[in-house]
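All remarks here apply to the structure that follows.
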Amino acid sequence: MFFRIKQSGPRSYLQIVANRREGGAVRQNVIATLGRADELTASGGLAALLASGARHCEQVLLLSALQADLEGPRVLAKRIGAPLLFGRLWEETGCRAVVEDLLAERLFEFPVERAVFATVLHRIMVSGSDRACERWMADYDIPGVDGLALHHLYRAMAWLGEELPAAQQAGATPFAPRTVKDLIEERLFARRRDLFSELSVVFMDTTSLSFDGEGGETLGERGYSKDHRPELMQMILAVVIDAAGRPICSEMWPGNTADVSVLVPVIDRLHSRFGIGRVCVVADRGMISAATIAALEQRGLEYILGVRERTDSLVRGVVLESTRPFIPLCVTRADGGETQLFVKEVTVERRRYIVCRNEAEAQKDAADRQAIVEALDQQLKRGDKALVGNSAYRRYLRTTGQTRAFEIDPGKLADEARFDGLFVLRTNARITPLQAVLRYRDLLQVEQIFRTAKALMRTRPIYHSSDAAIRGHVFCSFLALVLRKELDERCRRAGLRPEWGDVLRGLDRLQQATIEQGGKTWSVRTGADGCACAVLKAVGVAPPPRVQATPPPISTEPPTPPKRRSRPQRGATRP
């Protein structure tokens, strides 16, 4: 039904009309004629009629109150997209159940699991310190976080990094004890493991985190800073990922721990923690040393390791000089394209090497070097002093004559061209060269996940002063990585490849306002953009209705029985 103005000569009449289908046509049926439109407006009868009808439609009453700017409506808006999406993933990955099980015997007076989830959600959306998280929570509708304060977040972080009793320290590394976060990692892995699961290939990478303070009792040490802050105390963070790119565990060590010394202890821990059998370690050249390889072979472990082809004398002088022919291979990329590779296998002193040349990368390396040489030639014309501090230039220069002037060295250019598009692997695994190259290529693809992990794990500033709280603080970033990977996997199954920035913006735009007026409460949400809708659908989350009346809270007090009126006795007279 709707209102209609009906013209009759010079006058206009207001009618209520309903559409009705008769046969194949739609006809308008006049329900009532309310009177002349000018007279209804002048007398206020139309306004009274509409206000009377609005009492039976809560949405219209709400809009009328807001439009009139009446005193009393209280509006509170919060973001709901991220809590809806990642709250579902938090439950379905088992994170909530595992944390709550470990808390069952602890008598905390605040919801620790909610504090952990809020911190993880903060890592996903903006990252930062726990102080920032406390203020950030006020803008998001996170169930169960009402009343949480900064000291609750600190205590939750300390619980995650709390050392286990001495009886549960079996398998601890020389660099760090076993803590509560280790139990969470092991139980999460057990929940997703089935009869067909195997952890036969693992990838590990490390990064460093710097502290604004001392960095705890043992974690803060001077060491190599990968985020270019050598003046600060450092800690080393490692993330272990399986062949599917799923995070398995995280390890944390003092900042002066060398990468080459941690690979074997971590592999030993994988055996004891996750009950795995056959392991093939795939690692980049930064974690390789002669002692590491010897320890892997002593334990009977298979490995595929990158080799420093420029500095390893055996590889540079023997392997690369081998006259064995290259075999052409065509490898399909993840985006559907193809990569042309040339591979050959060389065995030297019972060591198996696989040399691989990527033609596309070789052309790129040659073009990059040519650009450097052209810029170098321009710098030489300006004088030698401009070249002193540039390491990219010095690698192609030599000094000449008694003046010790710089000039481009053709021999260095030719020697550098030998390594265009080239990488060398060392392996003891009983696999074909193609399989070894594909495994190592998986590592290169997983490096994208590590870049995501490092972005999430870069949780500066860290204000905690105890090792336990620092471990818990960083571990929340690992849990954020678990949820991020689960979201990526579900988007992949749904045929989606959204940009991460678009996902975060779309989720933040999804907000809900709570409006209280006249003892009633309404929830009104904003619309969701295409990216947010697609991601929510991939996870199986439906956003709430656009406008919804919230029922009043149910009273827990028993209803008061009505007073019974006493009846006069028969025969008695009323006063």
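The values are calculated or read from the model by the stated rules, or taken from the named source; none is laboratory data. Remember, predicted model here, so these are calculated numbers, not experimental data. Please note: Cβ atoms are built from the backbone with ideal geometry, for glycine as well, and neighbour counts cover all protein chains shown.
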> Counting residues that are modelled with pLDDT of 85 or more and in contact with a strand residue (DSSP E or B) (Cβ under 9 Å, 6 or more places away or on another chain), which helices (runs of 4 or more DSSP H) fully inside segment 130-246 reach at least 3?
Replying inline: 180-192
> Restricting attention to segment 113-135, which residues are of a type outside the set (D, E, K, R), farther than 19 Å from Val180 by Cα and either buried (at least 20 other Cβ atoms within 10 Å of the Cβ) or touching a residue at least 24 places away in the same chain (Cβ under 8 Å) (or both)?
Replying inline: Leu121, His122, Ile124, Met125, Ser127, Gly128, Ser129, Cys133
> Only one of Val503, Val539, Val547 is modelled with pLDDT of 75 or more, more than 30 Å from Ala480 (Cβ to Cβ) and surrounded by 10 or more Cβ atoms within 10 Å (Cβ to Cβ); which?
Replying inline: Val547
>> For segment 319-370, which positions are touching a strand residue (DSSP E or B) at 6+ places or on another chain (Cβ under 7 Å), part of a helix (DSSP H, G or I) and not aliphatic (A, V, I, L, M)?
In response: Glu359
>> Considering only residues that are of a type in the set (A, V, I, L, M, F, W, C) and exposed (fewer than 13 other Cβ atoms within 10 Å of the Cβ), which ones fall in segment 12-48?
In response: Ala18, Ala25, Val26, Val30, Ile31, Ala32, Ala42, Ala47, Ala48
> How about segment 292-318: which of its residues are assigned to a loop (DSSP other than H, G, I, E, B), surrounded by fewer than 17 Cβ atoms within 10 Å (Cβ to Cβ) and at negative phi?
Replying inline: Arg299, Arg308, Arg310, Thr311
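Yes/no matrix, rows are residues, columns are (1) at pLDDT 80 or above; (2) within 30 Å of Ala158 (Cα to Cα); (3) surrounded by fewer than 16 Cβ atoms within 10 Å (Cβ to Cβ); (4) among the β-branched types (Val, Ile, Thr):
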| site | (1), (2), (3), (4) |
| --- | --- |
| Pro10 | yes, no, yes, no |
| Ser52 | no, no, yes, no |
| Gln67 | no, no, yes, no |
| Gly81 | yes, yes, no, no |
| Glu109 | yes, yes, yes, no |
> Using beta carbons and a limit of 8 Å, which pairs, at least six apart or on different chains, have the first residue in segment 230-249 and over 10 Å from Asp205 (Cα atoms) and in contact (Cβ under 8 Å) with a residue 40 or more places away in the chain and the second one surrounded by fewer than 19 Cβ atoms within 10 Å (Cβ to Cβ) and of a type in the set (Gly, Ala, Ser)?
Replying inline: Ala243/Ser200
> Taking segment 111-129, which residues are among the charged types (D, E, K, R) and either part of a loop (DSSP other than H, G, I, E, B) or at pLDDT 90 or above (or both)?
Replying inline: Glu113, Arg114
> From Arg441, Arg471, Arg382, Arg458, which residue is at pLDDT below 75, closer than 29 Å to Gly220 by Cα and not hydrophobic (A, V, I, L, M, F, W, C)?
Replying inline: Arg458
